[in-house]
Amino acid sequence: MAERKYNHNQSHVNIWRPCDPWKRSGLEAMRSSKTLLLALPFLIMLTFLLRHKPSDRFTDATPFFNNLTTPPLLEVDVLQHVDIAEDKLLGGLLADGFDEQSCLSRYRSILYRKALPYKPSPYLVSKLRKYEDLHKRCGPNTPSYNKAVEQLKSGSNVVGTTDCKYVVWVRYSGLGNRILTLASVFLYALLTERVLLVDQGNDMASLFCEPFPERSWFLPMNFPIAKMFNSFDQKSAESYGNLLKNNMIKASMGSLPSYVYLHLAHDYDDHDKLFFCDDDQALLKRFTWLVVKTDNYFVPSLFLMPSFEDELKKLFPNKETIFHHLGRYLFHPSNHVWGIITRYYKAYLAGADERVGIQVRIFDKGPGPYQYVKDQISACTIGEKLLPEVDTRRLAVNPSKNPKVKAVLMTSLVYGYYENMKNIYWEHPTVTGDIIGVHQPSHEEQQRSEKPLHNMKALAEMYLLSLTDVLVTSAWSTFGYVAQGLGGLKPWILYKSENQTTPNPPCQRAMSMEPCFHAPPFYDCKAKEGIDTGKVVPHVRHCEDISWGLKVVDRYTEL
């Protein structure tokens, strides 16, 4: 389906709209004409400056983030006087009625994104409104919540004593993983009619706005077992897998523990993985409190469960839009982060005819940059005609009558890949005559997931990548998965290199914009034996970048 090109010029304020003096009385018309003549030179100059803002397209953008410790600057937005499109609710995905100034990104993101063909199903919209009602009735500090907390303190779980059930998401791993896992747990909450509560840690509240009306999604700080969250792991006695192994819980028991911990991280064992079996879901349904720690986007395995099949089909008729819709519903950058995003976008990306995002994440030991990765990036972007070749033999080329300006947004922990590409397009003309500007917001050198400022930069860069027209991502990277899902983009994936050599081919177009489940179970719950879960149904396939991973696709073709 062809996508409508977003015309950024249409979204600027109409600076000057002269009135027709002939419709006024003679004296008033003369005064108006005189005023216009006096103002005309200034207006011409202003128009010129607005159309031709000085910008060094080859200047390092890194200093842009240097002042993030100052109070958030809510700048005068050139878009603020424009009537926000009727579809600011994203086809009904978002609830109306929020205070727009408290979360500028919620309804303004549409102004920075081209129109997308992916609309939420009416069933998903209805389900979200029902969930919001449930969250309002059962969320923190409601009578139902307080009653459920008292039951938790009692140490036992008596079925039927509370009218609300909960799933608690525990903050774990890097920001990309956190975003993907939180979306996964929310989908599970929708399917099981549970209330999602979020362990906010030291930065979640500063990164994201509240997604649900009237009632917070954050777990209160005085939650009885909150201090245990950091110690939960695969060996915890409270984990579902260990409770099963030690015969501590059975379907026949009248009374169960007050909560169960679900360890769904990469190191989970076969008993933990029984979470993805319908019989075990019937047992888990009896618990008021489920606590989840995971670093996996486990949505593909939910699609393999018969008990959820019909519901998922109604929620997502287009199966590859799961994270696209849930991500845009849940994750609205805070005003501080939104200011970072919009200022950078206007300074470096808004004036381009096309925006190309390149996300580089290398898992090899050592800081880099590596020559074989530089070669791989060039081979992919030029080979797939995402960027033009340069002419290294001539000093100049005949300028094109209508040259395109392409803005390349690079994100990486290191500086060298950006510097290499910037120099290529600075030192040599392109064979097409197009002008290429290369920008990189930050280079942190190493991941610092425990630092709130680091995570603000990471979220801003994920979001900026999602605003590009075409996207190149790195294999195995959840950072890239988030960007492609929010942007509704099927990226070109840079293959993970072997033996520090450039892969051939260097990249491949993704078959779906859905993220990859890196550590799925390979188990047939009915037959109770191993199985290749990437071959059970046509819409759950193995990932392009991780051969054993699983991802949801809408239409599958052999690679």
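For every residue, the table says whether it meets (1) crowded, with 18+ Cβ neighbours inside 10 Å; (2) under 17 Å from Leu471 (Cα atoms); (3) not acidic (Asp, Glu).
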site	(1), (2), (3)
Arg355	yes, yes, yes
Gly366	no, no, yes
Ala379	no, yes, yes
Pro388	yes, yes, yes
Met410	yes, yes, yes
Lys422	yes, no, yes
Would you pick out the residues in the range 444-471 that are outside any helix (DSSP H, G or I) and under 15 Å from the mean Cα position of the chain (by Cα)? Leu467, Thr468, Leu471
What number of residues in the range 422-441 are in contact with a helix residue (DSSP H, G or I) (Cβ under 7 Å, 6 or more places away or on another chain) and either within 17 Å of Gln371 (Cα to Cα) or not assigned by the TED database to the domain that holds Gly368 (or both)? 0
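For every residue, the table says whether it meets (1) under 16 Å from Phe276 (Cβ atoms); (2) not assigned by the TED database to the domain that holds Ile358.
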| position | (1), (2) |
| --- | --- |
| Gly480 | no, no |
| Gly488 | no, no |
| Pro491 | no, no |
| Asn499 | no, no |
| Tyr523 | yes, yes |
| Gly530 | yes, yes |
| Arg541 | no, yes |
| Asp545 | no, yes |
Can you confirm whether Pro452 is in contact (Cβ under 8 Å) with a residue 24 or more places away in the chain, open to solvent by 20 Å² or more (accessible area, probe 1.4 Å) and either of a type outside the set (Phe, Trp, Tyr) or on the phi < 0 side of the Ramachandran plot (or both)? yes
I need the helices (runs of 4 or more DSSP H) fully contained in the range 127-212, keeping only those with at least 2 residues that are more than 30 Å from Gln234 (Cβ to Cβ). 143-154
Residue, farthest from the chain's Cα centre (by Cα), within the range 132-146, restricted to residues that are farther than 13 Å from Pro224 by Cα and without any contact (Cβ under 8 Å) to a residue 60 or more places away in the chain: Pro143
Assess whether Leu244 counts as being open to solvent by less than 20 Å² (accessible area, probe 1.4 Å) and of a type outside the set (D, E, K, R). no
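Scan the range 316-338 and give yes if some residue there is among the small types (Gly, Ala, Ser) and touching a residue at least 60 places away in the same chain (Cβ under 8 Å), otherwise no. Give the derivation first.
Let us first name the residues in the range 316-338 that are among the small types (Gly, Ala, Ser), namely 327, 334.
In the following step, the residues that additionally are touching a residue at least 60 places away in the same chain (Cβ under 8 Å) were identified as 327, 334.
For the range 316-338, residues among the small types (Gly, Ala, Ser) and touching a residue at least 60 places away in the same chain (Cβ under 8 Å): present.
The values are calculated or read from the model by the stated rules, or taken from the named source; none is laboratory data. Bear in mind the structure is a predicted one, so any value in this text is a computation, not a measurement. Every residue, glycine among them, receives a Cβ derived from its backbone with ideal geometry; neighbour counts consider all protein chains shown. The accessibility values were calculated without ligands, DNA or RNA, using every heavy atom of the protein model including side chains. Shrake-Rupley method; radii C 1.70, N 1.55, O 1.52, S 1.80 Å.
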